[in-house]
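To keep things clear, I will list the structure first and then write my remarks on it.
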Amino acid sequence: MDIPQAAIDLLRIAHLFCFAAGMGTALYFDFRALGAISRPSTTEDIAQLEHIHNWIAVAFLGLWITGIALVYVRTGFQISAFSPKLWLKLGLMTLMTLNTKIIAAFIMPLMRNNVHRALSDLPLMRYVAASQAAILSMFCWSSGVFLGASVVLKTAPWDVLIPLFVGWFILLTVAGQCVAILAYKLATRDARNIANTAAP
């Protein structure tokens, strides 16, 4: 089937719009959730985060629909025509979808159960797990930007792509967790100081 170029252009625009909306909303969600580490959350905060999460899910749906359509346009669903870059994009989309499910199944209930308390009141390992979900989200979105913007990566083989993106994931995880744990330690220290000052 011969698809008009104008239709393909509109499809690409829709795909980029869904990507931008999803990435912007997801990053806002992550920084809003983790940025208030020392501030007790309210029921309004949780309701807003749930609303934002629903918007991310809608953006994901649009991203999958337009992405699969673009895959058909480019390859006709002939597996032999799938490049390493395309496989990696599909893998990242799958990983992002799983991460969204993890946030809905574990992180949001954790935050609902922690209402009226700060994130720094969580046990450290639960806090680290919540931070890792945010880091994974950042990894997927930033990797999508690299793949979409880089001409070099367009034709890169697996022996270039795999070490590059595994290294990027490790770097983000180490740096992100160091920052998150430092913020946690500072928040818990400040909370102890305030409690000691208030004590008779």
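Of note:
- Projecting the Cα atoms of 31, 52, 94 onto the dipole axis of the chain, where Lys and Arg carry +1 and Asp and Glu carry -1 at the beta carbon, places 31 farthest toward the positive end.
- Cα-based helix-to-principal-axis angle, 5-35 vs the chain, degrees rounded to 10: 10 degrees
- Backbone geometry of the stretch 146-159 corresponds, through the Karplus equation with coefficients 6.51, -1.76 and 1.60 at θ = phi - 60°, to 3J(HN,Hα) couplings of 4, 5, x, 9, 8, 6, 4, 6, 4, 10, 5, x, 4, 6 Hz, x marking Gly and Pro.
- Scoring 21-27, 157-163, 51-57, 170-176 by mean Cβ neighbours within 10 Å over their residues and listing the highest first yields 21-27, 51-57, 170-176, 157-163.
- The long axis of helix 84-102 is offset from the longest Cα principal axis of the chain by roughly 30 degrees.
- Estimated inter-spin distance, residue 124 and residue 27, nm [label 7 Å along Cα→Cβ]: 3.1 nm
- The residues of the chain expose on average 58 square angstrom of accessible surface per residue, using a 1.4 Å probe on protein heavy atoms.
- Among residues other than residue 52 with Cβ under 15 Å from its Cβ, the summed charge is -2 (Lys and Arg +1, Asp and Glu -1).
- Estimated vicinal HN-Hα couplings, Hz - the stretch 60-76 in sequence order (Karplus 6.51, -1.76, 1.60; Gly, Pro = x): 4, 4, x, 5, 5, 4, 5, x, 5, 4, 5, 4, 4, 4, 7, 10, x
- Extension reserve of the residue 48-residue 83 stretch, reckoned as 0.36 nm per residue once the Cα distance is removed: 8.6 nm
- Qualifying lysines (Cα of each under 30 Å from Cα of residue 89; at least 8 residues distant if same chain): 101, 154
- Carbon/sulfur fraction of accessible area - the stretch 1-145, other protein chains in place, 1.4 Å, %: 71 percent
- For the pair residue 3 and residue 39, the difference between a 0.36 nm per residue extended length and the Cα-Cα distance amounts to 7.7 nm.
The values are calculated or read from the model by the stated rules, or taken from the named source; none is laboratory data. Just so you know, these numbers come straight off a predicted model, no measurement behind them. Note that we place each Cβ from the backbone using ideal geometry, even for glycine, and neighbour counts take in every protein chain shown. The protein model used for the area step is the full one, side chains on, heavy atoms only, and it has no ligands, DNA or RNA in it. Shrake-Rupley method; radii C 1.70, N 1.55, O 1.52, S 1.80 Å.
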